[in-house]
Amino acid sequence: MAPLLARHMRAEICGVYSAGEGRYWPCGPDVVLDHTDVCGDAPALRPWWESTRVTASDDWQPWVLVENVTCAGGPDPTPEQVVTAFQTLPITPSVLTVQPDRGWVLVNKETIAFTDPAPQMLGATVLGVPVTFQVTASQFTWDYGEKVFTTTSPGHPYPHQDVSYPYTHLGTGKVALTTTWQATYTVGDDPTVRPVPGTATTTSTSAPFEIREASAHLTRGSCTDHPHDPGCEG
């Protein structure tokens with residue numbers, strides 16, 4: 001299961017807006033205000049808040065207001081419904097490439113990994129209303145088996161690599177990539193772009209490869225002239 005990097009709640013706005021902090025502050029969960037001036041007889045949904053962290057070991061950041069009071073039963077989906085639709089979208093997993101791509105790598109030498117961070121446009125229907133999502137990769141977690149680490153870079157191929165790991169043990173290895181996606185969305189014909197208050201993840205896995213140790217061999221000449229000499233095959 002992917003680590004929880006965003007949490008949400010509904011709570012009234014009680015704190016004073018701080019320009020320095022750029023946010024309001026929520027009330028306790030037991031405070032419910034009268035929003036008939038906004039929604040009339042329709043049920044009111046309290047403001048929607050989000051708190052995030054970069055990794056599962058980091059502290060949660062302060063709550064940030066995502067959306068103010070909304071009225072239930074209106075034509076637009078609520079943030080909860082948008083998040084649910086987003087997390088069930090058929091997001092195409094990132095294409096994972098490992099270098100060297102030859103079925104084996106050398107122990108104690110860099111095994112490079114990278115992916116294509118191209119954004120995706122996806123659609124869904126929520127409460128009968130078309131919703132268009134612009135999905136963008138925001139974080140990449142690389143699992144080499146011996147080590148797991150997270151970057152904001154999608155990695156790059158040799159010689160500009162910035163994601164790599166030197167295996168320290170012989171055997172069989174593979175690389176798994178978990179991509180964290182964030183998104184914006186528009187509803188129907190409304191051009192207003194809104195952030196999706198949540199994230200989704202996909203996982204890609206490379207084909208297994210052998211982790212070998214480099215060895216020296218005496219040959220009669222070049223491997224081009226003697227391709228079957230020791231050290232030339234493969």
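Annotations
- Calculated Rg/Rh (Cα atoms, Kirkwood Rh) (choose from (1) 1.10; (2) 1.17; (3) 0.95), label: (2)
- Ordering Val54, Gly128, Met9 by Cα displacement along the dipole of the range 1-147 toward the positive end leaves Val54 in first place; charges were set at the Cβ atoms of Lys, Arg (+1) and Asp, Glu (-1).
- Between the range 142-191 and the range 77-113, the Cα center-to-center distance that results, in Å: 6
- For the range 17-66, the relative contact order comes to 35 percent (Cα pairs under 8 Å, sequence separation of at least 6).
- Heavy-atom accessible area per residue - the range 84-159, 1.4 Å, Å²: 53
- Computed extension gain for Ala118 through Trp104, at 0.36 nm per residue and net of the alpha carbon distance, reaches 2.2 nm.
- The chain - mean residue ellipticity at 222 nm from DSSP helices (-39,500 (n - 2.57) per run, n ≥ 4, rounded to 500): -1500 deg cm²/dmol
- The chain, relative contact order [Cα under 8 Å, separation at least 6], %: 17
The values are calculated or read from the model by the stated rules, or taken from the named source; none is laboratory data. Just so you know, these numbers come straight off a predicted model, no measurement behind them. As a convention, Cβ positions derive from the backbone with ideal geometry for all residues, glycine included, and neighbour counts pool all protein chains shown. The accessibility values were calculated without ligands, DNA or RNA, using every heavy atom of the protein model including side chains. Shrake-Rupley method; radii C 1.70, N 1.55, O 1.52, S 1.80 Å.
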